[in-house]
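Heads up, the thing below is written out as structure tokens.
The values are calculated or read from the model by the stated rules, or taken from the named source; none is laboratory data. What you see is a predicted model, and the numbers here were worked out from it, not measured in a lab. When we count neighbours, we look across all protein chains shown, and the Cβ atoms used for this are built from the backbone with ideal geometry, even at glycine. Surface areas here come from the heavy atoms of the whole protein model, side chains and all, with no ligands, DNA or RNA. Shrake-Rupley method; radii C 1.70, N 1.55, O 1.52, S 1.80 Å.
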Amino acid sequence: MSPDPDVQLRRFRALVAPGTPLRDGLERVLRGRTGALVVLGSNRAVEQVSTGGFSLDTPFTPMALRELSKMDGAVVLSSDLSRIVAAGVQLMPDARIETLETGTRHRTADRVARQTEVPAVTVSASMATIALFLSDGRHPVEPSQVILGQAGQALQTLERYSERLWTLLTQLSSLEVQDQVTVKDVVLVMQRLEMVRRLQQELDDYVLSLGTDGRLLELQVRELDGSASEVAALLERDYSSADGPPLQVAALHDIPTAELLEPLTVARVVGFSTEDHLDRRLTPRGFRQLAQIQRLPGALGERLLEHFGGLQALFSASKAELQEVEGVGEQRARMIRDGLIRVAEAAYTERLG
């Protein structure tokens, strides 16, 4: 079975990232202006398209890769990239395999990767570029400064989207306290959650590709991580229908961006009934609101909501009534009551604003 292209791409992007021995070797070849074709693995399929050259089976080092690349032919590494299996190898893949590449080295790398499902890397002496070839085609290995520029733009976009997400969540909290939530209010939050997730995934790919050059970017991305997955799970619990299938925010992962921008489409994809319109009123169960109260165990939150039947009844409960719930003593009842008051006050402030 063919490897998953996305999984394979992430794996080999990490292996050719700055700071790795392989990238060090490729950079040495690039600076030496000799060019190279390196096959990143050895199996029976690779052996069948290989002829000539020298069998080595020697430990991989960046310096050895640089020197062996001066020879005509390809360098073949072991599957774990720890050893140089052969050098000066002539690769003869099936010429009937279609390729859009023009240079001899690139055409060969493309066909070898497609035929054997073993990745190959080329270093172009004339273009001063590095390219990774997988079974789905060419993937440029960009210099760090280029990736950092792209990542900077994505990071700025993520900051704006994250700010908008937490604004929408604050507005949703206000509407929940007032019991005025509609399908559209929930859908807009889920829509923004998916946008933020996609940007975070894009930035994770940049961090992976940057290797040791991506440490600062990784810290910046972590600072913007607002536990979006936890928010999505709480929204699913709060708004799933009791007599229907649960909502699934993860269902948005595979839809095109154009469809993600349509609230009605998002509503249908996550699981709201096709009979629902965006203005239909919803009553939250209250899991997300209780999660905002510090030091309140999740299991106790469930018991509170089950005991009082919903968020609105819980807001109006007295300390004495709270103590009727198993696990709630006088001190904890005061903590819960104070936490609910803070939630209500924040919602009132948002409404005035």
Worksheet, complete the sentence: I255 and R164 label points (each 7 Å along its Cα→Cβ direction) are spaced in nm at 1.6
Fill in: Cβ-placed point charges (K, R +1; D, E -1), dipole of the stretch 120-254 about Cα centre in debye, nearest 20
340
Worksheet entry | Amide H partners (placed H, <5 Å) of S50, local residues excluded | M92
Discussion item. With a cut-off of 8 Å between alpha carbons and a minimum separation of six or more residues, what is the relative contact order of the stretch 287-350 in percent?
Written reply: 31
Fill in: Heavy-atom surface of the stretch 146-270, accessible at 1.4 Å and reported per residue (Å²)
49
Worksheet item: What is the spread of the Cα atoms of the chain along each of their three principal axes, largest first, in whole Å?
Response: 85, 43, 37
Worksheet item: Per residue and in cubic angstrom, what volume does the convex hull of the Cα atoms of the stretch 146-270 have?
Response: 106
Discussion item. Please give the charge dipole size of the stretch 287-350, origin at the Cα centre, charges +1 on K and R Cβ atoms and -1 on D and E Cβ atoms. Round to the nearest 20 debye.
Written reply: 180
Fill in: Alpha-carbon centroid distance for the pair the stretch 19-61 / the stretch 64-109, whole angstrom
7
Response to the item:
If R0 = 45 Å, then A344 and S135, at their Cβ-Cβ distance, give a FRET efficiency to the nearest 0.05 of 0.20
Discussion item. About the Cα centre, and with charges only on the beta carbon of Lys, Arg (+1) and Asp, Glu (-1), how big is the dipole of the chain? Nearest 20 debye, please.
Written reply: 980
Worksheet item: If you find the alpha carbon centre of the stretch 229-259 and of the stretch 160-179, how far apart are they in angstrom?
Response: 17
Practice prompt. Using a 1.4 angstrom probe on heavy atoms only, work out the carbon and sulfur share of the accessible area of the chain in %.
Written response: 49
Practice prompt. Tabulate in residue order the Karplus-calculated ³J(HN,Hα) for the stretch 280-285, using 6.51 cos²θ - 1.76 cosθ + 1.60 with θ = phi - 60°, rounded to whole Hz; enter x for Gly and Pro.
Written response: 5, 6, 10, 10, x, 6
Practice prompt. Round to the nearest 10 and report in Å² the accessible area of R334, as given by a 1.4 Å probe over the protein chains' heavy atoms.
Written response: 90
Worksheet item: Can you give the accessible area of D136, probe radius 1.4 Å, in Å² rounded to 10?
Response: 80
Worksheet item: With every protein chain present, what is the per residue accessible area of the stretch 1-98 (1.4 Å probe, Å²)?
Response: 54
Worksheet item: What nm value, rounded to one decimal, do you get for the distance between R281 and T51 when each label is placed 7 Å out toward the C-beta?
Response: 8.0
Discussion item. For a test of the definition: using alpha carbon positions, the gyration tensor, and the 1.5 limit on a/c, classify the stretch 27-103 as rounded, prolate or oblate.
Written reply: oblate
Worksheet item: Length gain on complete extension for the stretch E218 to D72, per 0.36 nm per residue less the alpha carbon to alpha carbon distance?
Response: 48.6 nm
Item to complete: Determine the gain in length on full extension of the stretch T274-Q201; use 0.36 nm per residue of separation and subtract their C-alpha separation, reporting nm with one decimal.
Response: 23.3 nm
Discussion item. How large is the accessible surface of S240 in square angstrom, using a 1.4 angstrom probe and rounding to the nearest 10?
Written reply: 20
Worksheet item: Highest GNM mean-square fluctuation, the chain, Cα pairs closer than 10 Å: which of G73, G286, G298?
Response: G298
Worksheet item: How much length is gained if the chain between Q312 and R11 is pulled fully straight, taking 0.36 nm per residue apart and subtracting their Cα-Cα distance, in nm to one decimal?
Response: 103.4 nm
Response to the item:
With Cα springs under 10 Å, the Gaussian network model of the chain assigns the largest mean-square fluctuation among A299, A267, A250 to A299
